[in-house]
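One structure is given below, encoded as structure tokens.
The values are calculated or read from the model by the stated rules, or taken from the named source; none is laboratory data. Predicted model only: the values in this text are computed from it and were never measured. Using ideal geometry, Cβ is built from the backbone for each residue, glycine included, and neighbour counts are taken over all protein chains shown. Note: areas computed on protein heavy atoms with side chains; ligands, DNA, RNA excluded. Shrake-Rupley method; radii C 1.70, N 1.55, O 1.52, S 1.80 Å.
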Amino acid sequence: MLLKIGAAVSGEDLGYLLHKNPARAHAFDLAFGKAHVFYTRLGEDHAEAALLLDVDPIGLVRSGRQTGGEGALDHYVNDRPYAASSFLSVALSRVFGTAMSGKSKERQELADQPLDLEATIAALPCQDGEAFLRSLFEPLGYAVSAERHPLDEQFPEWGDGPYWTARIQGRARLRDLLTHIYVLVPALDAEKHYWVGPDEVEKLLRKGEGWLASHPRKEAIAAGYLRYDRTLIRDALARLVDEDSGDPEAEDHARRREEADLETPLRLAEQRTGAVLACLRAVEARSVVDLGCGEGKLLKALLEDRSLERIAGMDVSWRSIEAAQRRLRLHQMPPAQRGRIELIHGSLLYSDKRLTGFDAATVVEVIEHLDPPRLAAFERVVFERAAPRAVVVTTPNFEYNVKFPALPANRLRHRDHRFEWTRPQFAVWAAAVADRFGYSVRFLGIGPEDFVAGPPTQMGVFAK
Amino acid sequence: MTLKIPELSLVVLIGPSGCGKSNFARKHFAPTEILSSDLCRALVSDDENDQEATSDAFEILRFIASKRLKAGRLTVVDATNVQAEARKPLVALAREYHAIPVAIVLNLPERLCVDRNRSRPERSFGPHVVRAQALQLRRSLRALEKEGFRHVQILSSVEEVEGAVIERQPLWNNRKGDHGPFDIIGDVHGCFEELVDLLLRLDYQVEASGGECRATPPPGRKAIFVGDLVDRGPKIPAVLRLAMSMAEAGAALCVPGNHDMKLVRKLRGRDVQITHGLAESIDQLGREPAEFRDQVAAFLDGLVSHYVLDEGKLVVAHAGMKEEMQGRGSGKVRDFALYGETTGETDEFGLPVRLNWASEYRGRAMVVYGHTPVAEPEWLNRTVNIDTGCVFGGKLTALRYPEREFVSVPARQTYYAPAKPFPDEQPSAVTAGLTAQQRHDDLLEIEDILGKRIIGTRLHRTVTIREENAAAALEAMSRFAANPKWLIYLPPTMSPSETSRNGSWLEYPDESFAYYRHEGSHAVICQQKHMGSRAVVIVCRDEDIARSRFGVVGEGIGICYTRTGRRFFTEPDIERGLLARIHQALCASGLWERLKSDWVCLDCELMPWSAKAQELLRRQYGRTGSAARAALPEAVAALEAAGRLNAETAPLLEAFKERLDMAQRFVDAYRRYCWRVHSLDDFAAGAVSSARVRRPRSRG
């Protein structure tokens, strides 16, 4: 990665300001590689110095400098040697530390006064586009010109790359320019090469003194600099200003609209719960197992129904089971209540003795997550082996999808849905299952019923 | 005096305090075999004489005993055990684990015990305690056998105690030292002609002279009858004569069947219902001399419930044998061997409804059994039923062990009408052509998946799967994997050699070869590596092969899946097209014939890389290339400008020029494996091969 600093001063003056002799090339050893400083222009009224980092990518991986998780540094192939990142900030403070502190033995008055400066950074990562890049530098009085590099010009379908060559021009004190770069580059990159700890907040506040508090994008800067660690971000923001600090979560990358968002206006989840509870009451179930319980939304409602003596929730995801434990406050439950419920880690595709002996089973918005060829196993597990008196199955009604304005035509409501059935498709499947395993089935709709498209959710109630 | 005890016993020592039980135990048994109540008291209370701890101490004692018995280990209980209520749970425990309860009583003079206790200062209790215990002991002596002890040994003097020698005897069913090879023969039911036919097919020499009939196995081999020699069939005495003579000559073993046992009861004059073909036995044996009937009764009565053979690798029992009962001895074991497990209900034909123990069987031993007629012998979880209903007009079947080969001869006629239609199961369209194992495997059991698992492999070491990994795998396989019946092979990730010690190389051939040599590889095949996505392709000759080999019905002739068992293609048409093309190639090249196989599993690298790994390319490879090609030209330009001012930077310029060149070559390298995919044609025809891709693809 490369940072060039140009100034409308003589080469000699820039040398004094940066504390680096223009007649020589300088090299510094850093933990992650080498930093080189050399001059590319030494005119009478304009000079330019370059800070070039030579990062050893293999050394990074081997030294176990991992960021944890799926970071770039887990792999030998990574962009760290080229992309401007927190390495640049580390190098800045090591190589131009005196200049950043605003001291110059020979040219203090130059150091204290605004100069015409220009910084060029290659390659500066900024995923969120040029407007965002500008919004960080322009409020500080800089003019920004930036050129975006394609990810790969041969494959435009891969989309834009995140890297820019950015030129930042303005009249500022050298120390300020360096400090702004020190804070804003890692904020743009958001992939730090070291763990973000509480002392990062101190560093941010120290370097941001005098300008960050009034910066209109301070939340985004804090969020990026602190790698989206929410607690740290809140802490930093709270300490930055007394005024309302805004909502740091608003700066999170916008998430795709999903099923829940789509269906929210209908309050479908609640209506489903109500419908399922009504069915359980109708069959006078005393015990029920919720298959695919997820984080336990339905279980919570089941627990409130005192007529249920035994409740179990099963999910294939261990993380969901843990989340359900927390949501239901299983560990704080009084023993009498705790005795009514158990959570099971298991799968709908495996015969499981723990699922036997229940009056009813609920399978709410689950089957559409199974690959169609695997439904046969699910059918046997539930209707042949667990074989409760009643089984309640709900699944989206595909016909209703046209009623969701946000959903493109012929798309499913959730990325993990393997299918969504029309009412006839569901009816055919359910009737065949009922016939094979000796159940009867009737169908109910959940949610506001459209004259043509039917209800948003369809429900089959199987009984022996 | 020699005390014979079965090798798997629960030995209960009985005697008042001071009679020398602990010394006796130490002398005759290993320290780990002895569970002493004193020690257990000390474990819970730090005082081996603390009577308040007795109840907890015995709980521990029984718990350890149960673990030992479950593992099949002889266990000695060193406690006074003079009261019936103390012994009762021990007998129950032995029965629970099908171990034999043995009582050894040290019935020594009271005075001796009192004197011994007096010399032991930690035993502060007075002589009245010993007196009470001795009294209880004397009262118990007669009842011990009634309480359920199968062996009772009473030592009544110091001399007897000191002269005692313990001899452990293997159970009758333990024939682990008999390695065969064996010919295991299914239910004969008096079908003598077919039995002779079968023995001849098995290369036995069969000679008949007068009323006698003898059969001699090929050298080294031995026959094993799975029982039910009698009832229903036409020549019951002849079958018995042959089996008895073979058994006597050491040419055959025989386990009893339920019909054999019922006949014994009848012969012994018990009142039994004359049903299910017993009439034929009574009738035919009635024409034999009484002496022969007595021999038959003695022979059948002496049969051992089941046999554990060949170092425990083979178990033969009439109706099968659960793992936890194999090699054990108890009434329950015998009942299971004779009748299997039933629900207690009867079906529409009046026959008991059987629980299918075999589908739950997970033991290591092969279990060969009969009892319930089936159309064909079929393997299920290392068990096989070889009763192919000869007497009902089916066939008589033998299993050759260890060859695992079935030999059958057809029934010459139907001798007896079965109570329910035979063969009873008309396979449905879905299960037709599937083996019992495949039908069973249609539904997997969660118990076989969850929790920590240690899996023995046929070719390599055991594999331990940690509980959390099993849990994660359950989710991954349930949510994403294809039908597990296809997933015979999940490829390992490429196993690289260790990173080179020479810093400028990631790997270096010399070190790699040394590494493989050290790991025991004697041959290394080197191929050019192409960047594609790992794909496993299974192609069968036709759908019937998919059904018979994989048990997969209605999913086409094969599958293409990723290294984690997910379907490679989201569009079924592309997958079908790919499979069809490979199928065509296999036919055209004559590979089916050359490999003598009806199916192949290909481990491939499917290109283009970008088809499956676009996210990886975009997030990692593309980005790295983009960043390098954005930053390095700027760096080179800056260094060139610097070089005009100062010669010092010349080496750095050279280094960065080289870096720039390498960055471009890096991008070129991954680009060679990226192209747009619109249809199956865009997956290069040469991209799949039986091993890996050998040549880079020429476009078009």
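Counting alpha carbon pairs within less than 8 Å and at least 6 residues apart, what relative contact order, in whole percent, applies to chain B? Walk me through the intermediate numbers first.
Working: 1182 pairs, mean separation 60.3, N = 700.
Relative contact order, chain B: 9 percent.
Working from the pairwise distances between different alpha carbons, so that the mean of 1/r is found and then inverted, what is region A:2-195's Kirkwood radius in Å?
Working: mean 1/r = 0.0576 Å⁻¹.
Evaluated over region A:2-195, this radius sits at 17.4 Å.
Explain nothing, just the number: dipole magnitude of chain A about its Cα centre with +1 on each Lys and Arg Cβ and -1 on each Asp and Glu Cβ, in debye rounded to the nearest 20.
Numbers: 60 positive and 68 negative charges, 342 e Å.
Approximately 1640 debye in magnitude.
Under the rule of -39500 (n - 2.57) per DSSP H run of 4 or more residues, summed and divided by the residues of chain B, what mean residue ellipticity at 222 nm is obtained, to the nearest 500 deg cm²/dmol? Show your work: numbers first, answer last.
Values: 24 runs with 256 residues, N = 700.
Helix-only estimate at 222 nm: -11000 deg cm²/dmol.
If I take all pairs of Cα atoms in region B:612-674, what percentage of them are more than 15 Å from each other? Walk me through the numbers before you get to the answer.
On the way: 1072 of 1953 pairs.
Result for the distance tail: 55 percent.
List the lysines whose alpha-carbon lies under 28 Å from that of B:Lys529, not counting same-chain residues fewer than 8 positions away?
By straight Cα distance, B:Lys529 reaches B:Lys612, B:Lys657.
Take the alpha-carbon centre of region B:291-315, take the same for region A:5-41, and report the distance between them in whole Å.
Between the Cα centre of region B:291-315 and that of region A:5-41, the gap is 98 Å.
Under a cut-off of 27 Å between alpha-carbon atoms, report the lysines in cross-link reach of B:Lys21, not counting same-chain residues fewer than 8 places apart.
B:Lys4, B:Lys67, B:Lys70, B:Lys88, B:Lys146
Return the long-range amide H neighbours of A:Gly313 (sequence gap of 5 or more, or a different chain), with a cut-off of under 5 Å between placed amide H atoms.
Hits under the 5 Å cutoff: A:Asp290, A:Glu342, A:Leu343, A:Ile344.
Suppose every K and R has +1 on its Cβ and every D and E has -1 on its Cβ; what is the size of the dipole of region B:612-674 about the Cα centre, in Debye to the nearest 20? Intermediate results must be reported in sequence, preceding the final value.
Numbers: 11 positive and 8 negative charges, 104 e Å.
Computed about the Cα centre, the dipole is about 500 debye.
Quick test of the membrane-span-like rule: which DSSP H helices of chain B reach at least 15 Å along their long axis (C-alpha atoms) with mean Kyte hydropathy at least 1.0?
Numbers: long enough: B:54-70 (24 Å, -0.02); B:84-96 (18 Å, -0.19); B:127-140 (20 Å, -0.46); B:236-248 (18 Å, 1.16); B:290-301 (16 Å, 0.04); B:467-480 (20 Å, -0.13); B:572-588 (24 Å, 0.21); B:623-645 (34 Å, 0.32); B:650-671 (32 Å, -0.34).
Both cut-offs are met by B:236-248.
Using the Kirkwood radius built from alpha carbon pairs, what does the Stokes-Einstein equation give as D for chain A at 25 °C and 0.890 mPa s, in µm² per second? Mind showing how you got there, number by number?
On the way: Rh = 26.8 Å.
Once the numbers are plugged in, D ends up at 92 µm²/s.
For the protein assembly as shown, go through all pairs of different Cα atoms, get the mean of 1/r, take its inverse, and jot down that Kirkwood value in Å. Don't jump to the answer; show the numbers that get you there.
Numbers: mean 1/r = 0.0263 Å⁻¹.
Over the protein assembly as shown, the inverse of the mean reciprocal pair distance is 38.0 Å.
In terms of solvent-accessible area of protein heavy atoms at a 1.4 angstrom probe, what is the ranking of A:Ile5, B:Ile64, highest value first?
Values: A:Ile5 0, B:Ile64 60 Å².
Descending accessible area places them as B:Ile64, A:Ile5.
Counting only residues 5 or more places away or on other chains, whose amide H sits under 5 Å from the amide H of A:Glu295 once H atoms are built in the peptide plane?
Long-range HN contacts for A:Glu295: none found.
Shielding by partners for A:153-163, please: the mean number of other protein chain Cβ atoms within 10 Å of each residue's Cβ. Before the final figure, lay out each step's value.
Working: counts 3, 5, 9, 0, 4, 10, 2, 1, 8, 3, 7.
Taking all residues of A:153-163 together, the mean is 5.
How high is the FRET efficiency from B:Val206 to B:Thr32, r the C-beta distance, R0 45 Å, rounded to 0.05?
Details: r = 52 Å, r/R0 = 1.15.
Result of the calculation: an efficiency of 0.30.
Assigning unit charges at the beta carbon (Lys, Arg +1; Asp, Glu -1) and nothing else, what dipole magnitude in debye, to the nearest 20, does chain B show about its Cα centre?
Numbers: 94 positive and 93 negative charges, 249 e Å.
Roughly 1200 debye, rounded to the nearest 20.
Shape of region B:174-427 from its Cα gyration tensor (a ≥ b ≥ c, root eigenvalues): rounded if a/c is under 1.5, otherwise prolate when a/b > b/c, or oblate?
On the way: a/c = 1.30, a/b = 1.08, b/c = 1.20.
Rounded.
What is the packing order of peptides B:606-615, A:285-294, taking the mean over residues of other C-beta atoms within 10 Å and listing the highest first?
With the highest mean Cβ count within 10 Å placed first, the list reads A:285-294, B:606-615.
By DSSP, what percent of the beta bridges with both residues in region B:174-427 are antiparallel, rounded to the nearest 5?
On the way: 23 of 39 bridges.
About 60 percent, rounded to the nearest 5.
How high is the relative contact order of region B:612-674, given as a whole-number percent (alpha carbon pairs under 8 Å, six or more residues apart)?
On the way: 28 pairs, mean separation 24.8, N = 63.
The value is 39 percent.
When DSSP beta bridges are limited to those with both residues in the protein assembly as shown, what percentage is antiparallel, rounded to the nearest 5?
Numbers: 97 of 157 bridges.
Approximately 60 percent, going by the DSSP bridge assignments.
Quick one: order A:Leu178, B:Leu490 from most to least accessible surface, probe 1.4 Å.
Details: A:Leu178 0, B:Leu490 80 Å².
Listed by decreasing accessible area, they come as B:Leu490, A:Leu178.
Take the eigenvalues of the Cα gyration tensor for chain B, scale each by 5, and report the square roots as semi-axes in whole Å, largest first. Write out the running numbers ahead of the final one.
Numbers: eigenvalues 868, 367, 86 Å².
Ellipsoid semi-axes (Å, largest first): 66, 43, 21.
Using Cα-Cα distances under 8 Å and only pairs 6 or more residues apart, what relative contact order does region B:434-524 have, in percent? Intermediate values should be presented prior to the final figure.
Working: 50 pairs, mean separation 12.9, N = 91.
Relative contact order for region B:434-524 comes out at 14 percent.
Among B:140-147, B:67-74, how do they line up from the highest to the lowest mean number of other beta-carbon atoms within 10 Å?
Working: B:140-147: 13.8, B:67-74: 15.6.
Per-residue Cβ counts within 10 Å, averaged per peptide and sorted highest first, yield B:67-74, B:140-147.
What does DSSP give for chain B in terms of the percent of beta bridges that are antiparallel, rounded to the nearest 5?
Expressed as a percentage, antiparallel bridges in chain B total about 50.
Report, in listed order, any pair from A:Lys464/B:Lys262; A:Lys297/B:Lys485; A:Lys218/A:Lys403; A:Lys353/B:Lys222; A:Lys20/A:Lys203 with a Cα-Cα distance greater than 30 Å.
On the way: A:Lys464/B:Lys262 42 Å; A:Lys297/B:Lys485 34 Å; A:Lys218/A:Lys403 40 Å; A:Lys353/B:Lys222 42 Å; A:Lys20/A:Lys203 25 Å.
Where the Cα-Cα span goes over 30 Å, the pairs concerned are A:Lys464/B:Lys262; A:Lys297/B:Lys485; A:Lys218/A:Lys403; A:Lys353/B:Lys222.
Using modelled amide H (1.01 Å from N, peptide plane; none on Pro or chain starts), what sits under 5 Å from the amide H of B:Ser597, excluding residues fewer than 5 places away?
Under 5 Å from the amide H of B:Ser597: no residue qualifies.
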